[in-house]
Amino acid sequence: MAEKELRRNLAVLPIGTIRELTDLTDRQIRYYEEQHLIMPQRTASNRRMFSLNDVDRLLEIKDYLDAGDSIADIQAIYSKKAAKQREPDLSAHEMRQALASEFINLAGFSVNKKRKGY
DNA sequence: ATTCTTACA
DNA sequence: TGTAAGCA
């Protein structure tokens, strides 16, 4: 199911298609990119190329805007979302550490934490 | 024909 | 945000 995500992130749509798919003007689309709400890829000739996920994100942005959120609000929303996606790695590691020490305690073992190899 | 950047009666 | 100008 990772292959599907790959295709969803393939940037193959020119701005003209995005304009029709989202009912946004190219002016707005370029402005949102300037505000880092989206970061479409560029072709060798400097043309913006969007993915299906970009389309979803633009529709989402449009909803937030209609809901009264400001550009800054949306930037904050995506910033925190990006931060929480990089965090699970740490808690997974901490989880292993916690389980390991608890298991050691339950087993009645005593471990010298300063010893090499651990 | 399309898209890009820059600028503003 | 819209729109015009001059490029690519």
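What follows draws every value from the coordinates through simple rules; no lab data is involved. Quick caveat, the model's predicted, so the values are computed rather than measured. Note that we place each Cβ from the backbone using ideal geometry, even for glycine, and neighbour counts take in every protein chain shown.
Run the numbers on chain A and let me know its relative contact order in percent, using alpha-carbon pairs under 8 Å that are six or more apart.
Contact order relative to length: 22 percent.
Cut-off is 10 Å between beta-carbons; in what order do A:Met49, A:Met95 appear when sorted fewest neighbours first?
Ranked by crowding around the Cβ, least crowded first: A:Met95, A:Met49.
How far, in degrees from 0 to 90, does helix A:88-106 lean away from the longest principal axis of the Cα atoms of chain A, to the nearest 10?
With rounding to tens, the tilt is 10 degrees.
Using a Gaussian network model of chain A whose springs link C-alpha atoms within less than 10 Å, name the residue from A:Arg47, A:Arg86, A:Arg96 with the highest mean-square fluctuation.
Answer for the Gaussian network model of chain A: A:Arg96.
Counting helices only, and only those DSSP H runs with n ≥ 4, report the 222 nm mean residue ellipticity of chain A as the sum of -39,500 (n - 2.57) divided by its residues, in deg cm²/dmol to the nearest 500.
Calculated from helices alone, the mean residue ellipticity at 222 nm is -19500 deg cm²/dmol.
Whose amide H sits under 5 Å from the amide H of A:Phe50, counting only residues 5 or more places off or on another chain, with H placed in the peptide plane?
So A:Phe50 has HN proximity to A:Val12, A:Leu13.
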